[in-house]
Amino acid sequence: MDPLVRQAAQYLEETLAVEVAPVRWRGRDRLPPLLKERYRFAEVRLLGVTCVLMVDADEDELAPGTVRKHIDLARQKSDAAVIYVRARVTAYNRKRLIERRVPFVVPGNQMYLPLLGLDLREHFKRPRAKPRALGPATQALVLHVLLRERGDALVPA
């Protein structure tokens, strides 16, 4: 089994708390050569829904519009939902994949599965730290330096 398929299956299992047993997808033989050369395919069952994992291990990331077209081509040959799987996706393309409602999984990072009503992210923005007030000693030091630079006679040198 392909390592990226195993990673995706493990991520789905851990995140959804379901058993995921990927098997070779038999519909691959009916696909156009373009898809057979670019992707590896595995079939899984998620929460009662049969899905095909379309795994892209190519170094070059495709435009989300192209991925959408490839998913549509694969869907023509299958009754199952097709999920795009990739090891890494840039933040810009991740946003565009979501805008185009492309189901995808980035193992260990994010899954967007609108067919199951899921949009899970592993990385969250940290809340901003509240600004802290200066302590009394620091306030006295700042006042001392400011008044001394002005040449104020009240502050001994």
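Things worth noting here:
- Selection within region 64-79: residues that are part of a helix (DSSP H, G or I) and polar (S, T, N, Q). The member of this set that is farthest from the chain's Cα centre (by Cα) is GLN76.
- Taken as a whole, the structure leaves GLY108 outside the set of residues that are of a type outside the set (Phe, Trp, Tyr), closer than 20 Å to LEU46 by Cα, exposed (fewer than 12 other Cβ atoms within 10 Å of the Cβ) and modelled with pLDDT under 90.
- Considering the conditions (1) modelled with pLDDT of 90 or more; (2) under 20 Å from ALA9 (Cα atoms), LEU118 is excluded by exactly one of them, (1).
- ALA9 in a helix (DSSP H, G or I) and surrounded by 12 or more Cβ atoms within 10 Å (Cβ to Cβ): yes
- Test: residue in region 49-61 that is surrounded by fewer than 17 Cβ atoms within 10 Å (Cβ to Cβ), among the small types (Gly, Ala, Ser) and touching a residue at least 12 places away in the same chain (Cβ under 8 Å): yes
- Residue in region 92-99 that is over 20 Å from the mean Cα position of the chain (by Cα), among the acidic types (Asp, Glu) and either over 23 Å from ARG40 (Cα atoms) or at pLDDT 85 or above (or both) present: no
- A search for C-beta distances below 6 Å between a residue of region 4-23 that is free of Cβ contacts under 8 Å to residues at least 40 places away in the same chain and any residue that is assigned to a helix (DSSP H, G or I), counting only pairs 6+ apart in sequence or on different chains, returns VAL20/ALA9; VAL20/LEU12; VAL20/GLU13; PRO22/VAL5; PRO22/ALA9.
- Odd one out for ASP60, checked against (1) out of contact with any helix residue (DSSP H, G or I) (no Cβ under 6 Å at 6 or more places or on another chain); (2) part of a loop (DSSP other than H, G, I, E, B); (3) farther than 21 Å from ARG94 by Cβ: (3)
- Inside region 75-91, residues that are open to solvent by less than 20 Å² (accessible area, probe 1.4 Å), over 18 Å from LEU116 (Cβ atoms) and aliphatic (A, V, I, L, M) make up a count of 1.
The values are calculated or read from the model by the stated rules, or taken from the named source; none is laboratory data. Only a predicted model underlies this, so the values are computations on that prediction, with no experimental measurement involved. Here Cβ is always computed from backbone atoms with ideal geometry, including for glycine, and neighbour counts include all displayed protein chains. Side chains are part of the model used for accessible areas, which takes the heavy atoms of the whole protein and leaves out ligands, DNA and RNA. Shrake-Rupley method; radii C 1.70, N 1.55, O 1.52, S 1.80 Å.
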